[in-house]
Amino acid sequence: MTEIRKVGVIGAGQMGNGIAHVCALAGYDVLLNDLSKEKIESGLATINGNLARQVTKDAITEDERKATLKRIVPAPALSDLGETDLVIESAVENEDIKRAIFKELCPLLKPEAMLATNTSSISITRLASNTDRPERFLGIHFMNPVPLMQLIELVRGIATEDETFDAAKVFVQKLGKSATVAEDFPAFIVNRILLPMINEAVYTLYEGVGSVEAIDNAMRLGANHPMGPLQLADFIGLDTCLSIMQVLYEGLADTKYRPCPLLVKYVEAGWLGRKTQRGFYDYRGETPVPTR
């Protein structure tokens, strides 16, 4: 079985910095890549802040925080990932961009290196076919926020070998996470169930059944959800929600997955949720205010 010691993470954003965080905390050496040094530095600052929060909650010690940060090294160029045993791609949820990354990356890796994608919806088999190692490729889908969420979805492509899958299961165990195995169908398990619920909440808003506040309160207090679906959509990113719904709609050809026109309108406006300060809530003041 492949022994994973050094992990490359492509993408230092919301998901990528969380993946780097948990890998380094588990003892792996991590190389963190993004399009610019500024984005990597921003990701490292987020990791440092999240580790400090864990220290204050007595989840880790100060020595563990320092050791974890030392294990994460900036890797501004894809060529810096050449000696890694596993590379996890966590770029934007766009198939063309992911394909371009893998095309450039593969010739730079050692032959035995494993490749994984953190995609939340795109076909693993299709992405793997664009690489020189489909048998050593699989989906390792982390949940957001990565340091707090226990689940990881493992998704095999049609060509994924048993050795690769077994190594991934050991990797997940060493991270202290729990794995669930999903088949390679659009959006896998969690998002196949979660995103249509969010999309239906947006339809409920679009049709005037309830306001943003009424819908979120109803699901928090009536279904005991920790976060309302529209608040959750803002947290995920409305562009990501739309991308996943489009994958479901195109991949399963069922009208029940049609993205709500209001979700499309918000994305077209650039109101993508927390990351842009406006989505179904406006986050520019002291407390979030519903935008509808």
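The values are calculated or read from the model by the stated rules, or taken from the named source; none is laboratory data. Since the structure is predicted, the reported quantities are computational estimates derived from the model, not experimental observations. Glycine also receives a Cβ, built like all others from the backbone with ideal geometry; neighbour counts cover every protein chain displayed.
When the stretch 90-108 is limited to residues that are of a type outside the set (A, V, I, L, M, F, W, C) and surrounded by 15 or more Cβ atoms within 10 Å (Cβ to Cβ), the one that is nearest to Val9 (Cα to Cα) turns out to be Ser90.
Among the candidates Leu262, Leu230, the residue that is under 22 Å from Pro288 (Cβ atoms), within 22 Å of the chain's Cα centre (by Cα) and of a type in the set (A, V, I, L, M) is uniquely Leu230.
Restricting Asn130, Asn118, Asn94 to those that are polar (S, T, N, Q) and at pLDDT 95 or above reduces the list to Asn118.
State yes or no: is Ile152 among the β-branched types (Val, Ile, Thr), part of a loop (DSSP other than H, G, I, E, B) and not assigned by TED's automatic domain parsing to the domain that holds Cys260? In short, no. Selection of the stretch 162-216 for residues being among the charged types (D, E, K, R), closer than 17 Å to Gly237 by Cα and part of a loop (DSSP other than H, G, I, E, B) yields an empty set. Scanning the stretch 225-254 for residues that are small (Gly, Ala, Ser) and touching a residue at least 12 places away in the same chain (Cβ under 8 Å), we see that the one that is farthest from Leu194 (Cα to Cα) is Gly251.
Among the residues of the stretch 241-261, those identified as among the hydrophobic types (A, V, I, L, M, F, W, C) and exposed (fewer than 15 other Cβ atoms within 10 Å of the Cβ) are Leu252, Ala253.
Take the conditions out of contact with any strand residue (DSSP E or B) (no Cβ under 6 Å at 6 or more places or on another chain), outside the structural domain of Leu242 (by TED's automatic domain parsing) and surrounded by fewer than 16 Cβ atoms within 10 Å (Cβ to Cβ) and apply them to Pro111. Does it pass? Yes. Only a single item in (1) at pLDDT 95 or above; (2) over 20 Å from the mean Cα position of the chain (by Cα) is not met by Thr2, and it is number (1). For the stretch 33-89, residues that are among the acidic types (Asp, Glu), within 14 Å of Ala12 (Cα to Cα) and surrounded by 20 or more Cβ atoms within 10 Å (Cβ to Cβ) total 2.
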